[in-house]
1. How big is D, in µm² s⁻¹, for chain B by Stokes-Einstein at 25 °C and 0.890 mPa s if Rh is the Kirkwood radius over C-alpha pairs?
2. Using the 10 angstrom Cβ neighbour count as an exposure proxy, how do B:Asp201, B:Asp241 rank, fewest first?
3. Just checking the output field for A:22-30: average partner chain Cβ neighbours within 10 Å of each residue's Cβ?
4. Can you compute the charge dipole magnitude of the protein assembly as shown about its Cα centre, using +1 on each Lys and Arg Cβ and -1 on each Asp and Glu Cβ, nothing else charged? Give it in debye, rounded to the nearest 20.
5. Quick one: net charge around B:Leu168, please, counting Lys, Arg +1 and Asp, Glu -1 for every other residue with C-beta under 15 Å from its C-beta.
6. For the protein assembly as shown: lysine pairs with Cα atoms under 29 Å, gap of 8 or more or different chains, count?
7. Report the rotationally averaged projected area of region B:1-107 based on its alpha-carbon convex hull, in square nanometres.
8. Of the beta bridges DSSP finds with both residues in the protein assembly as shown, what % are antiparallel, to the nearest 5?
Amino acid sequence: MTAAVLTRGDLALPPAPSGILSRLRWATRDSLVVAGRSIRQIRNVPERLSDVTVQPIMFVLLFAEVFGTAIVVPGGGSYHEYLLPGIIAQSTVFGCFGAAIGMATDRHEGFVDRLRSLPIARGSVLTGRMTAEVALASFGLLVNIVVGLIVGWRIHRGPWHTILAFAILLAFVIAMTWIGTLIGLLVRSQEAVPGILFPILFPITFLANTFVPIGGLPDWLKVIAEWNPVSAVVAATRGQFGNPNPGIGSWPLQHALALSFGWAALITVVCATLSLLRWRNISIG
Amino acid sequence: MGVTDAVVAEDLNKSFGQTHALRGVSLRVPAGTVCGLLGPNGAGKTTAVRIVTTLLRADSGSARVNGYDVVREAPLVRRSLGLAGQAATVDGLLSGRVNLVMIGKLYHLSTKVAKARADELLERFSLTDAADRIAKTYSGGMRRRLDLAASLVAAPPVLVLDEPTTGLDPHARAETWDVIDDLVRGGTTLLLTTQYLEEADQLADQIVVVDHGTVVADGTPAQLKDEVGGRRLEVSVTKPDDLEPVRAVLARHGEVNVDTDAMRLSIDAREGARLVGTVAAALEAESLEVDDIGLHRPSLDEVFLRLTGSPTITTDERESA
């Protein structure tokens with residue numbers, strides 16, 4: 001195989017962008033190249049997809065078949081129908097592991113420095129990684145939906161409600177990916193990620209209406225569970241999908257739809273700001 | 001400063017908390033030459049490299065690459081240089097080819113040119129057969145060659161290599177040296193950090209020795225060797241009885257250093273080869289038989305030891321200090 005002979009002229013770099021529009025075009029292209037790289041990684045190493053594919057399947061089967069035999073949903077309805085929005089929210093939350101580990105690995109193995117040594121738009125490493133992680137989490141969402149449909153979960157309301165439910169989930173995916181990105185930028189090594197995230201994420205997903213109704217909790221725990229962002233997302237999606245949605249008498253759960261967008265926006269703004277600050281500080285040392 | 005200096009660093013200072021990584025490091029690499037930044041682990045080499053390549057900001061001092069300031073004109077600096085080594089690696093989960101094409105695209109080369117350039121570099125670094133395997137499966141030497149190839153995608157005028165051969169076996173190291181030699185012959189300016197004196201001696205036109213964040217010596221390999229002791233004329237004798245008469249002959253040309261155990265005598269020999277003839281003739285005239293006579297230049301290892309007080313990893317000369 002003989003490559004075409006390139007001259008210095010072929011390798012002359014195009015002039016750097018000057019106007020806002022061309023800068024934006026460069027930044028977009030840089031981000032897409034960085035995002036494409038994460039997607040290609042998965043093609044080479046498909047095991048990396050397991051946390052958004054195998055895990056949700058496992059959880060659906062385990063919870064539906066094990067808990068499902070013992071749990072009676074207050075107010076009636078099937079536990080499968082009740083459970084699925086919870087499982088979807090849970091895998092959305094755990095999606096931030098991938099973002100955190102990916103960012104930490106890239107930083108500590110020198111790949112981030114490789115990118116930073118190139119004349120690319122500042123921040124495109126972050127936006128590119130975000131794009132890929134969000135695409136990945138959305139794929140995981142689809143896997144959940146398909147597995148859910150197979151085990152008997154159904155959507156009972158119209159297409160607009162379904163779209164709204166997906167909008168909530170997407171907003172939450174973005175928020176969680178920013179949390180993961182921030183953690184990835186802060187940790188000393190990728191090995192530290194589980195130790196930091198597990199103790200946070202585990203209670204957040206379980207101290208909520210995710211798997212069991214919260215009506216029977218002691219009052220103080222119940223308040224925490226009601227205000228938990230995961231509860232808002234789960235209650236809101238249950239509502240939009242038309243699945244059993246017991247125990248939504250309290251104010252936060254009555255306003256679950258607005259709150260889930262609100263939480264997602266708040267988490268995104270805070271974590272994105274801190275990530276950008278941290279990103280800038282990395283070069284100041 | 002002229003454009004003839006491809007890399008200039010002036011009085012760089014950098015601290016991380018209580019640790020002073022750099023304390024006033026300055027260096028200057030004329031275009032088309034090789035500068036070896038030599039020092040033990042933790043001397044501040046990588047910090048200096050990270051500042052020069054815009055990855056890290058100095059607390060004070062300034063640096064320019066290809067005439068561009070590394071802080072104010074960072075994007076132009078990044079367009080002028082290629083970086084490889086410990087600080088910047090390729091993606092282990094992508095194939096060699098995909099890595100190189102991706103980097104080409106990030107330089108905003110067209111996809112066609114980026115692909116052609118990737119092919120060209122893969123061939124040049126003998127990686128064509130492994131081009132479509134993921135980089136994690138490469139041997140150490142192949143991985144380093146891919147790193148080098150990655151730094152060359154845009155044919156940058158300035159190349160910065162951070163410990164390009166650390167951890168490689170001697171064969172892979174020699175291969176890497178050959179590649180670097182080729183590049184330098186092509187006119188690339190090279191700033192290279194290393195812990196290996198042999199590497200600096202082999203590749204560099206100019207060596208900057210750093211230790212504890214400061215420059216302790218600076219010059220060509222030959223200058224460094226001369227500066228620390230210079231060349232000496234050494235004479236070895238076979239019989240202890242000959243030591244005294246030979247010493248008397250040598251004493252006419254300078255202060256004699258006598259090593260009785262090794263039966264070796266030496267004098268300063270800055271004037272070089274001519275002294276060998278003169279001394280040989282004088283010894284001949286006195287009918288003194290010697291085992292060996294010759295000029296000895298201290299090895300860079302000795303130089304390094306003298307400068308930093310710590311031996312390098314390749315040598316163990318603590319006793320001879």
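Just so it is clear, none of the values below were taken in a lab; they were calculated from the coordinates. In this text, all values refer to a predicted model and were calculated from it rather than measured experimentally. Because the Cβ atoms are built from the backbone with ideal geometry, glycine has one as well, and the counts that use them run over all protein chains shown.
1. Stokes-Einstein gives a translational diffusion coefficient of 112 µm²/s.
2. By the 10 Å Cβ count, ascending: B:Asp241, B:Asp201.
3. 1
4. 3780 debye
5. -4
6. Eligible lysine pairs with Cα atoms under 29 Å apart amount to 7.
7. Averaged projected area of region B:1-107's Cα convex hull equals 8.0 nm².
8. 65 percent
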